[in-house]
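What follows is a short report on a single structure.
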Amino acid sequence: MIRAALISSLLLGACAQVPGSGAADRSTPEYKGVETSLLNGDLVRFNVAMSGARSEADLDDYAECAAAQYALIRGYGFARHVRTKMKQEGGVQTADAVYTISPSLPRGLRTIDAEVVVADCEANGIPTV
């Protein structure tokens, strides 16, 4: 009985409208560019900027797309997320993201297969480097 009530409340919560999430309120993301800096060997910083992000995930996806394409350009097949710092100023969201790039699957939790991620970015209209 408790399980049914929990499932029911989760389903109702999923259907609830979040303030500012209506179709009329959504803005189209505008990708404003990527600056790439090689920090040391396989450690790379990506500074990305955009406006109209619906959430921090949009900005994080943009940085990940840049990292994946950069890895491919350098002849590597994989990357691993190290950290991301985000901020917003005057309607523009920015992220300072750091990734390692490598020819083989690195250890860690936030690893990406560069070819798969770049294909996904292209399918979703997110630009890469």
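FYI, it's all coordinate maths here, none of it is from the lab. What you see is a predicted model; the values in this text were computed from it and never measured. Ideal geometry is used to build each Cβ from the backbone, glycine not excepted, and the neighbour counts take in all protein chains shown.
With a simple spin-label model that places each label point 7 Å from the Cα along the Cα-to-Cβ direction, the separation between ASP58 and LEU43 comes to 3.2 nm. Residues in the range 70-84 carry Karplus couplings, in order, of 4, 4, 5, 4, 7, x, 9, x, 9, 9, 9, 5, 9, 6, 9 Hz; the curve used is 6.51 cos²θ - 1.76 cosθ + 1.60 with θ = phi - 60°, and Gly or Pro positions show x. Amide H to amide H, with H built 1.01 Å from N, LYS32 comes under 5 Å of ALA49, MET50, SER51, counting only residues 5 or more places away or on other chains.
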